[in-house]
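Worksheet: one structure, shown below.
The values are calculated or read from the model by the stated rules, or taken from the named source; none is laboratory data. Source: prediction; values computed, not measured. Neighbour counts run over all protein chains shown; Cβ positions are idealised from the backbone, glycine included.
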Amino acid sequence: MPHPSVTAQTYPHKPAFIMGDSGEMVTYAQLDQRSNQGAQLFRSLGVAKGAHIAMMMENNRHFLEICWAAQRAGIIFTPISTHLQKEETAYILQNCDAEVFIGSYKLKDMASGLREQLGGLKGWYMVGGICDGFDSWEEAVDAQPAEPIVDQGNGVAMLYSSGTTGKPKGVFVPPHSEDVLAEFPLAATLGAAFGFGEETVYLSPAPLYHAAPLHYNFMTIHQGGTSIVMEKFEPEHALQLIEEHRATHSQWVPIMFIRMLKLPEEVRKRYDVSSMQFAIHAAAPCPVEVKEQMINWWGEVIVEYYAASEGIGVTIIDSASWLTHKGSVGPALLGELHILDDDGNELPPGEIGTVYFSGDQATFEYHGEPGKTAEAYNDRGWATTGDVGYVDRDGFLYLTDRKNFMIISGGVNIYPQEVENLLITHDKVADVAVFGIPNTEFGEEVKAVVEPQNWADATDEVAFELLEWLRERLSHIKVPRSLDFHEKLPRMDNGKLYKKHLVEQYRKEADKAGEGSPED
């Protein structure tokens, strides 16, 4: 498999990536030159192999160029979510021992605050403009020679969680080889399963600071393909880019499917998506009805996988298998599946428990709060992400929810995901969060908070309509006791719904009121 420096020799004018909104194209020859110059800059600053840098920016041309520069220099690079607060971002910079920070002029207020707080790094750079205390990344790179550094290496990413359950946690998987031309780790598994190659045209609709988008772009460019990188996801524009570039591969989260499906039918029919060979999705549960509609629309190109950053196991399922196992995330591709009860006993097919994987686990390190490593494993060395689900007799895994999201009301286990997956399909609902709030009689009761498609629908009448609609489709114990409307729910652009602050707000209000609503 070629490194982009190899492809640059064979196909110098081939696009390595194209920015979706601006249309700005970076060829393999340009990526080779700029990544060499970036690596030269890192060395000139005294950043050695194995050292860390950090970057915080929106999707732009410089993002991937910086990552490839770090890769060639054998440097560990940490892209940081643009949604984090200054304290969280400063914690990451200190925790990963970043020696250089590269920010975006669009996020200059955040970057300036970090510069004032942390100070003594080897370099503070900014793309797209500069402010006090920062040098221009573009000018600094342009001043460097374009030849490869003499001590090239194989740098990798170390990504952090979004800090929704405590301080952000970094996961570092050491490179399997120090050779700059080493094969990309996912190429033999997901790359082979999804048919990535030099003819791949990969549409990337999500932020590059998340694990899956970053890794899939790296794999595309490692294989000599072309990435189409959206600056920001917009449903109709995504369809337009598929048609315009004849995209063959893409990677999504379910909320993106939902927003494309909620486009008017005439808009959806306007674009030719027949070039798509693999539309990959993961990161969050996909409602069955949503996935059925996507398969009916795009054909049997929808492929799902379930995995974790730590590399503790992978399942995969294509459309054909999903249609005979609706709701499943597939059988294990890596590792062996186990479902355990709270006492660590293995459960038979069909019974719900915590999902574990056994087998050869990836070697990784946690960077963050002490003790986190132990939470991922049981005494048999089996690993879990804390998800709850069951395995059927065919060995297919079905996820019901995260264990810490489960609501216990009157001794009955209720999984919010089931309610969310149903309510999101209603025409008047753009997004939804379901969680438990205190109830003095039953311990907890089910609460729903809805982001409506149109704010004019945020009325008591529509709330009653939605609850009655649920009551016709769910056991009454699962139906929320109350439903509120919010203009925007805390769903980040990685597709995950961050309910922590929402739950805390409602629980404080319930505590202040003295008790939850009594059950009828």
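Points worth noting:
- Residue under evaluation Ile302, criteria (1) in the same structural domain as Met230 (by TED's automatic domain parsing); (2) without any contact (Cβ under 8 Å) to a residue 24 or more places away in the chain; (3) surrounded by fewer than 16 Cβ atoms within 10 Å (Cβ to Cβ); (4) not charged (D, E, K, R), criterion not met: (3)
- Selected residue (criterion: farthest from the chain's Cα centre (by Cα)) from residues of segment 448-486 that are in a strand (DSSP E or B) and either of a type in the set (Asp, Glu) or closer than 22 Å to Pro438 by Cβ (or both): Ser482
- Segments classed as strands (runs of 3 or more DSSP E), wholly inside segment 90-174, with at least 2 members that are crowded, with 18+ Cβ neighbours inside 10 Å and either of a type in the set (Phe, Trp, Tyr) or in contact with a Lys or Arg (Cβ under 9 Å, 6 or more places away or on another chain) (or both): 98-104, 123-127
- Residue count, segment 233-245 (criterion: more than 18 Å from Phe17 (Cβ to Cβ) and part of a helix (DSSP H, G or I)): 4
- Checking the stated criteria, Lys496 turns out not to satisfy the condition of being at pLDDT below 85 and exposed (fewer than 15 other Cβ atoms within 10 Å of the Cβ).
- Only one of the numbered conditions (1) at negative phi; (2) touching a helix residue (DSSP H, G or I) at 6+ places or on another chain (Cβ under 7 Å); (3) assigned by TED's automatic domain parsing to the domain that holds Met57; (4) not in a strand (DSSP E or B) is violated by Phe196, and that is (3).
- Every test in (1) under 26 Å from Thr384 (Cβ atoms); (2) touching a residue at least 24 places away in the same chain (Cβ under 8 Å); (3) not small (Gly, Ala, Ser) is passed by Asp318 save one, and that test is (2).
- Only a single item in (1) part of a loop (DSSP other than H, G, I, E, B); (2) among the hydrophobic types (A, V, I, L, M, F, W, C); (3) farther than 24 Å from Met294 by Cα is not met by Ala188, and it is number (1).
- Any pair with Cβ under 6 angstrom, 6 or more apart, that starts in segment 261-275 at a residue that is surrounded by 15 or more Cβ atoms within 10 Å (Cβ to Cβ) and ends at one that is aromatic (Phe, Trp, Tyr): Val273/Trp298
- Taking the criterion of being surrounded by 18 or more Cβ atoms within 10 Å (Cβ to Cβ) and among the hydrophobic types (A, V, I, L, M, F, W, C), the residues of segment 30-51 that qualify are Leu31, Ala39, Leu41, Phe42, Val47, Ala51.
- Taking strands (runs of 3 or more DSSP E) as the structural unit, those lying wholly within segment 333-401 and holding at least 1 residues that are at pLDDT 80 or above correspond to 336-340, 353-358, 387-391.
- Taking the conditions (1) crowded, with 18+ Cβ neighbours inside 10 Å; (2) in contact with a Gly (Cβ under 9 Å, 6 or more places away or on another chain) in turn, Leu340 satisfies each one other than (1).
- Among the residues of segment 438-447, those identified as assigned to a loop (DSSP other than H, G, I, E, B) and not charged (D, E, K, R) are Thr440, Phe442.
- Condition check for Val229: of a type in the set (A, V, I, L, M, F, W, C), surrounded by 23 or more Cβ atoms within 10 Å (Cβ to Cβ) and in contact with a Cys (Cβ under 9 Å, 6 or more places away or on another chain): no
- Residues in segment 153-180 that are at pLDDT below 90 and among the charged types (D, E, K, R): Lys167, Lys169.
- Residue match in segment 315-329 (condition: under 19 Å from Ile255 (Cβ atoms) and surrounded by fewer than 21 Cβ atoms within 10 Å (Cβ to Cβ)): yes
- Any hit, segment 227-235, residues being farther than 25 Å from Thr27 by Cβ, within 19 Å of the chain's Cα centre (by Cα) and basic (Lys, Arg): no
- Close contacts from segment 113-125, counting a first residue that is closer than 19 Å to Met57 by Cβ and a second that is among the small types (Gly, Ala, Ser) and part of a helix (DSSP H, G or I), with Cβ to Cβ under 9 Å and a gap of 6+ residues or different chains, come to Gly113/Ala90; Leu114/Ala90; Gln117/Ala90; Leu118/Ala90; Gly123/Ala140; Trp124/Ala111; Tyr125/Ala140.
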